[in-house]
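Asks: This structure is in structure tokens; I'll ask about it shortly.
The values are calculated or read from the model by the stated rules, or taken from the named source; none is laboratory data. Quick caveat, the model's predicted, so the values are computed rather than measured. With ideal geometry, Cβ positions are generated from the backbone for all residues, glycine too; neighbour counts draw on all protein chains shown.
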Amino acid sequence: MLEPKTHTRDEVGGGTKPTAGLFRELEARGLVQDTSNPDLGRLLDEESIVVYCGFDPTSDSLQLGNLVPLITLARFQRFGHRPIVVLGGGTGMIGDPSGRSDERNLLDEETIARNVAGQRSQFAKVLDFDSTENPAIMVNNADWLTKLDLIDFLRDVGKSFSINVMMSRESVKQRIAAQSGLSFTEFSYQILQAYDFFHLYNEYGCRLQVGGSDQYGNILAGVDYIRRKTGHDHGAAALTFPLVQSSTGEKLGKTAAGALWLDPERTSPYEWYQYWLNVSDADAVRYLKSFTFLELDEISEIESEFLKQPKERLAQRTLAREMTSLIHGLEQTQKAERASAALFNSHGSASGLAIDGAPEVTAPKDEVISGFNLLNALVRTGLAKSNSEAKRLMRQGSVSVNGIKVGADTGKSSIVAADLKDDGTCIIAVGRRRRAILRFSD
RNA sequence: GGGUCGGUGGGUGAGCGGCUAAUACCACCAGACUGUAAAUCUGGCGCCCGGAAGGGCUACGCAGGUUCGAAUCCUGCCCGGCCCA
């Protein structure tokens, strides 16, 4: 069987000179949508620059959707540039209209502070804040935005913004065209983001802002503002990456359970691993390029191997391993892999295998003597959200115990002692890809 | 401030007194086929009880009201679009 290689966190190049070829690399990985500076590639080869990307504190955990921006920053860092993470503690109180069809609900200060705190540690999983050469920096724009004086702001900053230009931004146009309304508050967002860029330009010499393609207008607002204020034509630049979608045009990370979170409390390493493992063939190689730090020629090798034997799913397994070890570390990755193997490869026997990390529910042993209700088991293991759903699944013949179907026609409605392996467990499955362990203890 | 149109399930969006837990599409889940893939076909998709038939509860911005019966009518409030000021 083909095994994906284990990838350890690679060596960040030392020295003040950047490693050349970053821009070409980003392009090859499908991570370049727009840039405001046609010479950006050369600039990145010649100078070690400071680059930033903003993150909205709309939740106390980052999610799958934040991964491309975050990993892109890490690519800059690995090529010798210096990344800044801007937590939008200030702008989060305003709400970015980009990509939204409705006015946002404003978050209160307390919530934002909690979210900022929650996200903080997650950045360190991907970025290096301790590098001696080019450590990443984290700042919160609340630190400067909340200090602004309204009159000064309108005089010094607002004067540089043309309403005509602001109105022509795609995010604004869409909201107006959709007749869904746009408050002055949200309309002002682009000025604040522009001001952020300007602030970072002054404080840290930050010359590039990266973001998703929906951020292009906001980023350009900053580029323009810096040009106006400093008179330098190419003082600051914009770079956006395309919105990463599945081959069927869907946003990533959509499951019945909701979004996929980086927080292991919300999305377990096993679920995270399984998500990537189940990526479709059409997407797997593309995701390897966009999401992992594997070298491109290494990915090409994986690809050709994968194309020869797609059913081995080398691309998916590599992807799952890379993504899980990036976010949850090697140990959790191995657990997830073992749990997956125990649940899926051994024809329903978990005995003797390390299954730590798999979804598992424990119940007292005497419950099984009288017969442990299957519906109960489905809900308890999280395989079904409600009794209704569990019944539905049973009716549809989706449920199996130890690999044996227990649909409505079999008449089996509970787990009995005979279903248990020697170690007191059984595997309960819904459909092809969702499985859990039920363990009975003394 | 005045007028007018609108606020429906995760999303878009029908319904406009009983036939409606609410059409359709998307997303999502499952069955068949497979490789824990895609495509395709099929079923499902508020919650609770039930093997099922069926029953109960909650839901169409919020709060009241009319009615045997309301997502649907009325009143007030909140929110949004458009027009006027």
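Asks: Restricting attention to the range A:226-256, and to residues there that are surrounded by 14 or more Cβ atoms within 10 Å (Cβ to Cβ) and free of Cβ contacts under 8 Å to residues at least 60 places away in the same chain, which single residue is farthest from A:A358 (Cα to Cα)?
Replies: It comes out as A:R227.
Asks: Out of everything in the range A:279-303 that is away from RNA strand B (no atom under 16 Å from the Cβ) and among the acidic types (D, E), what residue ends up being surrounded by the most Cβ atoms within 10 Å (Cβ to Cβ)? Please lay out each step first, then the result.
Replies: Residues of the range A:279-303 that are away from RNA strand B (no atom under 16 Å from the Cβ), as a first pass: A:289-301.
Remaining after also requiring among the acidic types (D, E): A:295, A:297-298, A:301.
Numbers: A:E295: 12, A:D297: 8, A:E298: 15, A:E301: 13.
Taking the candidates together, the pick is A:E298.
Asks: Take the residues of the range A:374-429 that are of a type outside the set (G, A, S), in a loop (DSSP other than H, G, I, E, B) and buried (at least 17 other Cβ atoms within 10 Å of the Cβ): which is modelled with the lowest pLDDT? It would help to see each step written out before you state the result.
Replies: First, the residues of the range A:374-429 that are of a type outside the set (G, A, S): A:374-376, A:378-381, A:383, A:385, A:387, A:389, A:391-396, A:399, A:401-402, A:404-406, A:409-410, A:412, A:415-416, A:419-423, A:425-428.
In the following step, the residues that additionally are in a loop (DSSP other than H, G, I, E, B) were identified as A:381, A:383, A:385, A:396, A:402, A:406, A:412, A:416, A:420-423.
Restricting the remaining residues to those that are buried (at least 17 other Cβ atoms within 10 Å of the Cβ) gives A:381, A:383, A:402, A:406, A:412, A:420.
Values: A:T381: 86, A:L383: 89, A:N402: 85, A:V406: 82, A:K412: 73, A:L420: 78.
Selected residue: A:K412.
Asks: Further question: Check the range A:68-87 and report whether any residue there is at pLDDT below 90 and either closer than 29 Å to A:A257 by Cα or within 18 Å of the chain's Cα centre (by Cα) (or both).
Replies: no
Asks: Right, something else. Do we find a residue being surrounded by fewer than 19 Cβ atoms within 10 Å (Cβ to Cβ) and outside any loop (DSSP other than H, G, I, E, B) anywhere in the range A:125-135? It would help to see each step written out before you state the result.
Replies: Taking the range A:125-135 first, the residues surrounded by fewer than 19 Cβ atoms within 10 Å (Cβ to Cβ) are A:125, A:128-133, A:135.
Imposing the further condition that a residue be outside any loop (DSSP other than H, G, I, E, B) reduces the set to none.
The answer is no; no qualifying residue exists.
Asks: Consider only pairs whose beta carbons are under 6 Å apart and that are at least six residues apart or on different chains; among these, list those whose first residue lies in the range A:16-40 and is in contact (Cβ under 8 Å) with a residue 40 or more places away in the chain and whose second residue is hydrophobic (A, V, I, L, M, F, W, C) and part of a loop (DSSP other than H, G, I, E, B).
Replies: A:P18/A:F79; A:T19/A:F79; A:L22/A:F79; A:L26/A:V32
Asks: Any idea which of A:V223, A:V172 is out of contact with any Leu (no Cβ under 6 Å at 6 or more places or on another chain), under 23 Å from A:G65 (Cβ atoms) and touching a residue at least 60 places away in the same chain (Cβ under 8 Å)?
Replies: The conditions single out A:V172.
Asks: Which condition number does A:F306 fail, the rest of (1) within 11 Å of RNA strand B (Cβ to nearest atom); (2) in contact (Cβ under 8 Å) with a residue 60 or more places away in the chain being met?
Replies: (2)
Asks: Of all residues in the range A:186-217, which are in contact with an Asp or Glu (Cβ under 7 Å, 6 or more places away or on another chain) and crowded, with 21+ Cβ neighbours inside 10 Å?
Replies: A:E186, A:Y189, A:Y216, A:G217
Asks: Same structure, new question: Return the pairs, sorted by first residue and then second, in which the second residue is in a helix (DSSP H, G or I) and more than 14 Å from RNA strand B (Cβ to nearest atom), the first residue lies in the range A:368-379 and is in contact (Cβ under 8 Å) with a residue 60 or more places away in the chain, the beta carbons are less than 6 Å apart, and the residues are 6+ apart or on different chains.
Replies: If the second residue must be in a helix (DSSP H, G or I) and more than 14 Å from RNA strand B (Cβ to nearest atom), the pairs left are A:V368/A:A417.
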